[in-house]
Structures are given as structure tokens and as C-alpha cells.
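The values are calculated or read from the model by the stated rules, or taken from the named source; none is laboratory data. From a predicted model like this one, the values you see are computed outputs, not experimental measurements. Methodologically, a virtual Cβ is constructed for each residue, glycine included, from the backbone with ideal geometry; neighbour enumeration extends over all protein chains shown. Ligands, DNA and RNA are excluded from the accessible area calculation, which covers all protein heavy atoms including side chains. Shrake-Rupley method; radii C 1.70, N 1.55, O 1.52, S 1.80 Å.
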Amino acid sequence: MTQKFPPLFSRFESLVIHGDARDDGDRKDDDTALSPAIYPSSTYRARSAEEFAEMVSRPRHPRYYARYGNPTQERCERLLARLEGCESAILLASGMAAMTTTLLALVRGGEHIVAQTSHYMGTAKLLGQILPGFGVEVTQVDQTDSNAFAAATRANTKLILVETPSNPTLALTDLAAVAGFARSRGILTLADNTFASPINQQPREFGIDLVLHSATKYLGGHSDLVAGAVCGEKAIIERIWEHAIVFGTNSNAFDAFLLLRGLRTLPLRVKQQSATALHLARFFETHPAVARVHYPELPAHPQHELAQRQMKHGGGVLSIELKGGYAAAQKFVDSLSLAANAVSLGGVETLAVHAASMWEGTLDEEEIARAGVVPSLVRIAAGLENAEDLCADMARALA
């Protein structure tokens, strides 16, 4: 007998375990296996001319050709959509594949995007250097000023792009305010929800149209895959998919399998990482070598009240500014033992990176300054180690 599951679950802990079931709860494609099957095939046999015609004509058919999708990927996309409270989702090769494919699918030359000044450096380069070459106009504003988004819109504005909390300064964007005026003007909104994850923030609750993730980070959670995801209404996601199959930015069955495995523990990991990040933020607040701590859950954060309204917890990432400047920041990350000096975030291990050293190889000085990256800034992504052990490691490095 086929086991039935409700299409949606009210709590994340149950959703991540059972939310990849089909709408009717049917899992017969995978027989009785508890672990999802991996479909590595690049192509699939049609049993008749009629079936082949159906495979060709149906958008995102999971058993036609791997660039169009596959059953493992389809199963993962179903869960991703439900995690963000959306109708549909698409899994792509990386977070930047998701961002690039989405923007090129939704905006044409001669049209306009409003974005923040503070974005992930890949996104910042796309906005500042790549899209203008395609004739797309981009205006970037201070994300902490909700009115600035409205003031920057034009008659040809097609999309507003936000990232909250932003990388690496943990500044917030008022999602409800941006979504409200954007919808009144018929402008699509896209939120990069990578830093918060669906566990700490769901942009759709505040009226945002599309939600994007670098699934490499919290969703995967084990530093062993690279993937990106976009969630939203079915019609918009299919429009993005139509561009993805041309650009070749699709994901694959193996990464979809790893991502499904990572998603099973997402609520547990993110809650623990958020608690550890708060513990570290409080430690740094009182340390004499630290000039400033950026973490939304701290009452001292200038947008703490907004964080209380739109986030469940502050997330697993914080950043600090050291009193000794550029040299002190480099010395600090070089002296860490338990935390690794490595890029990325969201894995089980704690990572620390000197932001200026990382960004200066990708962006020019003006772009770095606009993003709020000062020379002494260190970004710390909490893992699953013991919080007191991490504090001891940080204290030794600061000494």
C-alpha cells in the first residue's frame, strides 16, 4: 500500500523529512527506499511515439534529457518550494547560476533594476560590471533606507533585488516595505535568503515574489556540494527554466541527492548555528580588541527591531571589526586553530575570513567601500562545534 502524506507540514522538522513526497503522497517511483534514488542518466527511453511527444512538450519533464531535469532533482525542487512556501522551485548549478539565470530571464536591455549597495561579491560584480554590458540599467541604494528603493524606481524598472541579512555586514532590508510598494507598481521582487535560510526567515510571508538561495551554504550544510535555487510562482519559475536549459546552468542528480540529504537536518543545524553565533557575538561585544560587532540579534544592532519583526533568529553568520585594522584582521584569522580560514558558510565547521582580502580580488576599491567592507572586517560563519570551545579559540587568536 502506498503511504500518504499531506502536501504541506506546519513544522519544519517534519517538512524536511517528508516534504519531497508528491502532492498525492505517492513515493512509488523510489519503491520502498528511505533514501532518495540517484538518476545519473543523461537521457531516457520513450516507449512510444506518443510518449516521446509528451516528454518533449511537457516543461521540465524529469525523464527526457538531463539538462531539462531528472527525478532526483524534481524531488529536491519539490521540498525547496515547500520550505519557502512557494508553488514551485528550480535547482541550478550554483547560487550565481541561479542569480544570473533569473536576472537574464526577467530583465531585458533597456530595462532597469533597483538593488542594494551591499550584496554578495558575485552579485555585486554582476550588477556593476556584467549587466550594464547587456544594456540593463542598475541603481543601487542603501538597503537600510526603505524609501530609497521607491525613490530609485523608474517607468522601466522591472525588478527589485534585495539580500537580507547582507554579506558581509549583516545589514537588513525591510522586506514588507519593499514588497508593498513594488507590488503596487507592478514590479517583481527577488530576495536572496541565503544568510537567513528558510528556518530563520521566509520572504514570501512579507510579499516578496521570488526567493533565491546559494544552496551550497545552509541548505546543503556539509561543504560538499555547489548548487543554487530559486522559488516562486510556477509561471515565473518555468520562465527561468526556459533560460536555464539554453544557458546550461542546470544542476545534476548527484548534487540534488546531497542537497536532499542536507535538508533533512536543516532545522537542527540552523537553530544550533544561530545560537552559537549569538554566543560568539556576545563574547566579541565585551572584548577589548574588537571595535564593533555586526549581528542582527544583538540589541546594539541598529536594525535590531526590524530583525525581531522579520527573523526568527539572527542566523549563523556575524562579522567583527578589529581595532588594529587590516593587519590585525589578517593576524586574527591566521591565528585561529578550531575555526578554519576559508570562504563560504553554512557547513558543520566554523569558518572565518578576512573580508577585505577576499573582496579585493574581485571588486575595485569603490565597490568594496560601497558594500561597507572596511579593512578590519572579519566574517565568521558558526559551525556545529561547542560554543565555548570556539570562544576559547577566538580569545587565543585575539591575544
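Under a point-charge model restricted to the Cβ atoms of Lys and Arg (+1) and Asp and Glu (-1), what is the dipole moment magnitude of region 201-354 relative to its Cα centre, in debye to the nearest 20? Its charge dipole is roughly 320 debye. Calculated accessible area for region 99-172 comes out at 31 Å² per residue, all protein chains present (probe 1.4 Å; ligands, DNA, RNA ignored). Proximity of backbone amide H atoms, modeled 1.01 Å from N, is registered between A115 and T139, Q140, V141, L161 at under 5 Å, excluding neighbours fewer than 5 places apart on the same chain.
What does the extension gain come out to for A49 and S184, with contour length at 0.36 nm per residue minus their alpha carbon separation?
Working: separation 135, 0.36 × 135 = 48.60 nm, distance 4.74 nm.
Stretched out fully, the A49 to S184 stretch lengthens by 43.9 nm.
In the Gaussian network model of the chain, springs joining C-alpha atoms below 10 Å, which of L268, L131, L225 carries the largest mean-square fluctuation? With Cα springs under 10 Å in the chain, the top fluctuation among L268, L131, L225 is at L268.
Solvent-accessible area of region 200-311 (1.4 angstrom probe, protein heavy atoms only): carbon and sulfur portion equals 55 percent.
Short to long, the 5 Å bins of the Cα pair-distance histogram for region 243-399 hold 2, 9, 16, 19, 18, 15, 11, 7, 3, 1, 0 percent of all pairs. Among A152, A382, A355, the largest mean-square fluctuation in a Gaussian network model of the chain, built with springs joining Cα atoms closer than 10 Å, belongs to A152. Under the simplified labelling scheme, the A342-Y65 pair shows an inter-label distance of 3.7 nm, with each label point 7 Å from Cα along Cα→Cβ. Which of the residue pairs K271/K331; K125/K217; K158/K234 have a Cα-Cα distance greater than 27 Å in the structure shown? With Cα atoms farther than 27 Å apart: K271/K331.
Remark: region 296-307, residue by residue, has Karplus-estimated 3J(HN,Hα) of x, 7, 6, x, 6, 5, x, 10, 4, 5, 5, 4 Hz, where x stands for each Gly or Pro and the curve is 6.51 cos²θ - 1.76 cosθ + 1.60 at θ = phi - 60°. Once the 1.4 Å probe is applied to the protein heavy atoms, region 227-372 comes out at 42 Å² accessible per residue. Counting only DSSP beta bridges with both residues in the chain, the antiparallel share comes to about 55 percent. What the Cβ-Cβ distance of S335 and L268 gives, at R0 = 25 Å and to the nearest 0.05, is a FRET efficiency of 0.25. Placing +1 on the Cβ of every Lys and Arg and -1 on the Cβ of every Asp and Glu, with no other charges, gives the chain a dipole of roughly 500 debye about its Cα centre.
When the charge dipole of the chain is built from unit charges on Cβ atoms (+1 for Lys and Arg, -1 for Asp and Glu) and taken about the Cα centre, the candidate among A191, Y64, V333 whose Cα reaches farthest toward its positive end is Y64.
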